[in-house]
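A short worksheet on the structure shown next.
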Amino acid sequence: MCGAGNSHGSNGLTRGLAMSRRRWRQIATVGFLASSYCLSPSALGFAGPGVRDKAALDYLTEYCAEITPEDQVGNKGEALFDALAILQQDRFNVHVRGLRRKSDSVDAYFAGTTHCVEIAGAMLTIDKETSAAIVDGNPSLLLEVYRHKSNGRLEFSVGVSDDAPPEGIDAVGETPRPLHEIPLKYHGKWAYSAHNCTGGEPTAVLAIDSKGLHQSKGEMIALGVLTMGSSRRTIIINARNSGGGGKWDSTEEFTLSSDSAVLEWRTVRPDPSAVSRLVRCR
């Protein structure tokens, strides 16, 4: 435990999973889109990672946290006076105990206990006011998490928002839980047109199964899947991609039509894209 326009392409690689590194930069993106769950940081301090050369870092995830008294107490009832320990307890409370406040968001990376323990040894890019607010107050935070390529150590960049939390998904009492597999209703062969299902280029057809999306020139393996909305027909996938001799991570959103015949797909990060429309191959 851890307490204490078809931009997916028109032909060839630009139309399948081995598509453009221009869109899917080689940045590790393992966290669910937090910006739809929480507020932008205030001027109190969100300077980005401490390392100036961002090429030395992999981007892992971004999430929101509302620090509460429960986060400032360890699993054995001891008071916590260290900002990192409180941030670690927050992820334990959200993912294991199910204590999610209005400004908290779930993330796929720290949902696994093996990753959550890494917080204890992380570097913290933070100003004194923000650090003091975590220990002595109840701030709403926006956190970006990076991994140093040289030593594997995590680095947190932390900012504080002083505004009221937004309405919408944050007001819903139910906490969505990340899945490890893509739901069955998304499985099958998909293409950018019915013609591509039978007579198109192989790169224009992709297959979805429980593990991810597969295509002749590459694949997208799901690291975590989050079901969204009351209809449960939208999923956000944190994916590890490979193709064209490279590997990169991304966050993708898929929405299935009511008749399960059409799948709308867009990239959320690192390079947001317009929605592409896929049809199910029969």
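Summing Lys, Arg as +1 and Asp, Glu as -1, what charge do residues with Cβ under 12 Å from the Cβ of Met220 carry, Met220 excluded? Here the count lands on 0. Figure note: Val73, Val205, Val268 ranked by solvent-accessible area, largest first, 1.4 Å probe, ligands and nucleic acids not counted: Val73, Val205, Val268. Applying 1/(1 + (r/R0)^6) with R0 = 30 Å to the Cβ-Cβ distance of Lys189 and Val96, what FRET efficiency is obtained, to the nearest 0.05? About 0.20, to the nearest 0.05. Between Asp82 and Ser216, the contour length at 0.36 nm per residue exceeds the alpha carbon distance by 43.3 nm.
Rank Thr234, Val268, Gln215 by how far each Cα sits towards the positive end of the charge dipole of region 207-282 (+1 on Lys, Arg Cβ; -1 on Asp, Glu Cβ) and give me just the farthest. The residue sitting farthest along the positive end of the dipole is Gln215.
Under 5 Å between amide hydrogens, built in the peptide plane, is the criterion, and for Arg153 it picks out His148 among residues at least 5 positions away or on other chains. Per-residue accessible area (protein heavy atoms, 1.4 Å probe) orders Met220, Met123, Met228 as Met123, Met228, Met220, starting from the largest.
Label-to-label distance, Ser150 versus Val117, with points set 7 angstrom from Cα along the beta-carbon direction: 2.6 nm. Excluding same-chain neighbours fewer than eight residues apart, the lysines reachable from Lys217 by a Cα-Cα span under 22 Å are Lys189, Lys247. With all protein chains in place and ligands, DNA and RNA left out, the 1.4 Å accessible area ranks Lys247, Lys102 as Lys247, Lys102, largest first. Note on Lys128 and Asn75: with the Förster distance fixed at 25 Å, the Cβ-Cβ geometry gives a FRET efficiency of about 0.35. For region 100-158, the solvent-accessible area of protein heavy atoms averages 41 Å² per residue (probe radius 1.4 Å; ligands and nucleic acids excluded).
Rolling a 1.4 Å probe over the heavy atoms of the protein chains gives region 186-282 an accessible area of 42 Å² per residue.
The values are calculated or read from the model by the stated rules, or taken from the named source; none is laboratory data. Please read these numbers as outputs of a predicted model, since none were measured by experiment. Every residue, glycine as well, gets a Cβ built from its backbone with ideal geometry; the counts of neighbours run over all protein chains shown. SASA here: full protein model, heavy atoms, side chains in, ligands and nucleic acids out. Shrake-Rupley method; radii C 1.70, N 1.55, O 1.52, S 1.80 Å.
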